[in-house]
Structure formats: C-alpha cells, structure tokens
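The values are calculated or read from the model by the stated rules, or taken from the named source; none is laboratory data. Just so it is clear, the structure is predicted and the values come from calculations on it, not from any experiment. When we count neighbours, we look across all protein chains shown, and the Cβ atoms used for this are built from the backbone with ideal geometry, even at glycine. Protein only, heavy atoms only, side chains kept; ligands, DNA and RNA dropped before computing areas. Shrake-Rupley method; radii C 1.70, N 1.55, O 1.52, S 1.80 Å.
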Amino acid sequence: MTSEAQKRANEKWKAANKEKQKIYRYRSQAKKFINEFASQDDLLELRKMIDDKLNKMEE
C-alpha cells in the first residue's frame, strides 16, 4: 500500500512533468502496437517514417 506522503510526491511529480508523462505514454503505446498489432505493411510504413525522420535529423 502506498503511503500518503508517497501519493503526494507522485502527484507533485506528475504535475511538474506532464510532457515527460505524455512521451512515456506515447512510447509505450507505439511499442505495444508494434509488438502486438502491426501487420507487415504497418511495419514497412513505420520503417519508412523512421528512416525519413532520422535523415532529417542528420541534415
């Protein structure tokens, strides 16, 4: 069971780190989609998107 102090600390962290929480949630959803639901076509499309993004970052 979580103590009241821990609950308050968790809520404080959540309030101060909303953007991090969003990133963690999206990353988790992406991994779940890839590992459990994606078809071969989905994976090929994602690979292209990732390659395009990486190429833009290198420029």
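Listed here are the residues, each with its yes/no results for (1) touching a helix residue (DSSP H, G or I) at 6+ places or on another chain (Cβ under 6 Å); (2) of a type in the set (D, E, K, R); (3) open to solvent by 100 Å² or more (accessible area, probe 1.4 Å); (4) at pLDDT 95 or above.
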| residue | (1), (2), (3), (4) |
| --- | --- |
| Asn10 | no, no, no, yes |
| Trp13 | no, no, yes, yes |
| Ile23 | no, no, no, yes |
| Ser39 | no, no, no, yes |
| Asp42 | no, yes, no, yes |
| Lys56 | no, yes, yes, yes |
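Which of (1) in contact with a Ser or Thr (Cβ under 8 Å, 6 or more places away or on another chain); (2) open to solvent by 100 Å² or more (accessible area, probe 1.4 Å) does Met1 not meet, given it meets every other one?
Checking Met1 against (1) in contact with a Ser or Thr (Cβ under 8 Å, 6 or more places away or on another chain); (2) open to solvent by 100 Å² or more (accessible area, probe 1.4 Å), the one that fails is (1).
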